Amino acid sequence: MFDNENGAVLIMVTFALVALLGFAALAIDITHLTVVKNELQNASDAGALAGALILFNSDGSINSGASSEALSATIKNQSDVELLEASEVVATRGHWSFINKTFTANPSTTQVLLEHRSLLEGSNSLDLDTNFINAVQVVISRNDIVSFFAKILGILGFSATADAVAYIGFAGQLDPGDVDQPIAICEESIVDSDNAFSCNIGRMINSGSNEATNETGGWTSYEQDSASCQSGTNASDMKDLVCGSGNPDPINFGEGVAANGGELQTAFKQFLDCWRNHADTDSDGIPDQSWNMNLLVVECLGNNMENCPTVKGLVNINVIWVNLLEDPHFKDVPTQMEDWSCTPAEDSDAAREACWHSFVDHFDLKNANGSDAPYQKDAIYSLPDCDVHTPRGETGGENFGILAKYPKLVE
């Protein structure tokens, strides 16, 4: 009787050992498969980022070599102690939609026009336009992953896939020196009713305290730490920044920046002198050329600059005139700027005022409320520049005409 029981136990133990060995073998192979999948994911991430990094040429056009660069970077990685093969990788340029969370392949090398387009909102959204080339996708497929112990169970091998999408959009986090002057532009003053960047209308910074014609920009010290930001900034902070070498530290998108919507006369006079040095090409004392610069775009409620507005992106503008005094006699009006000129018919207030109105009409200069810009003190008159600019900073900002230099993974 005991011998029979011992035999039964032996049989049960044998079956249990076989099952345990089977589970152990399967666990080893699953662990191995997980390691290989992680290697494939790392390779696809690296490839997508490498392709997206060169997706935009320095002039903002599409680089046709982005897909091949993604493929080349991907196959430099190992999977299961072997270099990946090109036949296992598909790298594609195309469009990533944040709304739909989808990538749509598009091999085109022609970029859509970015003017008057919002990134996520409105009927003319770039997010839903699959012709907006903004991403590179890498897909890796392997069906020859060796099984070790799972062969005991009849499993001869495994398959695995990995994919990654790297998106490159508009300038967000900015590198040191990406911003040229310590001036911030209110977002509301450079977008239209669809929240899209409007680049064909001149603007006036600091256009008065009246709600209908209020300020559309202010000064910033670039500071983003909480204490400095909440305190705003002042003329002393501006001293070494106006006409300096730009922001000394990186600037983070989505965070506040120390600012001041006041006149700050000392800083304004510094800026005026610097502008005259840059813009007077014939040395007659009257500026005749625009001054191009990259400035921060910040969120302003009702176009009112607060102490710590949120950074929304970067915009490129051409400064075409700066007024220090509100002279009722129009003594300091432009007479030549780029392709425009005006010679007063006589030395009179009316004749000089006529030149001012001609200047405003020619460049379509506006107040915050859309009315013609007046001849006003402490005012900077500018034109948003819609030419393609060299990409700057990391992806993360909104469409204010400047594409990003560095991509980010979105899938």
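The values are calculated or read from the model by the stated rules, or taken from the named source; none is laboratory data. The model shown is predicted, which means the values in this text are computed figures rather than measured ones. When we count neighbours, we look across all protein chains shown, and the Cβ atoms used for this are built from the backbone with ideal geometry, even at glycine.
Annotations
- Answer residue from the range 366-404, given it is within 18 Å of residue 190 (Cα to Cα) and aliphatic (A, V, I, L, M) and is farthest from the chain's Cα centre (by Cα) among those: 373
- Failed item in (1) at pLDDT below 90; (2) touching a helix residue (DSSP H, G or I) at 6+ places or on another chain (Cβ under 9 Å), with residue 47 passing the rest: (1)
- A count restricted to the range 27-44 and to residues that are among the polar types (S, T, N, Q), surrounded by fewer than 20 Cβ atoms within 10 Å (Cβ to Cβ) and at pLDDT 85 or above stands at 3.
- Tally of residues being within 13 Å of residue 271 (Cα to Cα) and outside any loop (DSSP other than H, G, I, E, B) across the range 235-260: 2
- Test set (1) outside any loop (DSSP other than H, G, I, E, B); (2) in contact with an Asp or Glu (Cβ under 9 Å, 6 or more places away or on another chain) - residue 330 fails condition number: (1)
- Residue list for the range 237-266, restricted to those being polar (S, T, N, Q) and either crowded, with 21+ Cβ neighbours inside 10 Å or without any contact (Cβ under 8 Å) to a residue 12 or more places away in the chain (or both): 247, 260
- Residues located in the range 130-146, provided they are among the hydrophobic types (A, V, I, L, M, F, W, C), crowded, with 21+ Cβ neighbours inside 10 Å and more than 19 Å from the chain's Cα centre (by Cα): 138, 140
- Residue that is farthest from residue 407 (Cα to Cα) [pool: residues in the range 25-76 that are within 30 Å of the chain's Cα centre (by Cα), part of a helix (DSSP H, G or I) and polar (S, T, N, Q)]: 38
- Flag if residue 398 is in the same structural domain as residue 252 (by TED's automatic domain parsing), farther than 27 Å from residue 269 by Cβ and at pLDDT below 90: yes
- Scanning the range 211-236 for residues that are among the acidic types (Asp, Glu), crowded, with 18+ Cβ neighbours inside 10 Å and modelled with pLDDT of 90 or more yields a single hit, 223.
- Taken together, the residues in the range 114-140 that are farther than 18 Å from residue 64 by Cα and either not charged (D, E, K, R) or not in a loop (DSSP other than H, G, I, E, B) (or both) amount to 14.
- When 341, 348, 371, 382 are checked against the criterion of being touching a residue at least 12 places away in the same chain (Cβ under 8 Å) and surrounded by fewer than 20 Cβ atoms within 10 Å (Cβ to Cβ), 371 stands alone in meeting it.
- Selection status of residue 363, more than 39 Å from the chain's Cα centre (by Cα) and of a type outside the set (A, V, I, L, M): no
Residue-by-condition table, conditions (1) under 19 Å from the mean Cα position of the chain (by Cα); (2) surrounded by 23 or more Cβ atoms within 10 Å (Cβ to Cβ):
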site: 168; (1), (2): yes, yes
site: 171; (1), (2): yes, yes
site: 177; (1), (2): yes, no
site: 182; (1), (2): yes, yes
site: 185; (1), (2): yes, yes
site: 189; (1), (2): yes, yes
site: 197; (1), (2): yes, yes
site: 200; (1), (2): no, no
site: 206; (1), (2): no, yes
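- Screening the candidates 56, 103 for the property of being outside the structural domain of residue 392 (by TED's automatic domain parsing), touching a Phe, Trp or Tyr at 6+ places or on another chain (Cβ under 6 Å), crowded, with 16+ Cβ neighbours inside 10 Å and modelled with pLDDT of 90 or more yields one hit, 103.
- Flag for residue 93 being at pLDDT 95 or above, charged (D, E, K, R), touching a Ser or Thr at 6+ places or on another chain (Cβ under 8 Å) and closer than 17 Å to residue 404 by Cα: yes
- In the range 396-411, the residues that are assigned to a loop (DSSP other than H, G, I, E, B) reach residues that are basic (Lys, Arg) with C-beta atoms within less than 9 angstrom, at least six apart or across chains, in these pairs: 398/312; 399/117; 400/312; 402/392; 404/392; 405/392; 410/101; 411/101.
- Among (1) under 29 Å from residue 396 (Cα atoms); (2) not in a loop (DSSP other than H, G, I, E, B) - the single one residue 274 does not satisfy: (1)
- Verdict on residue 283 being surrounded by fewer than 23 Cβ atoms within 10 Å (Cβ to Cβ), modelled with pLDDT of 90 or more and not basic (Lys, Arg): no
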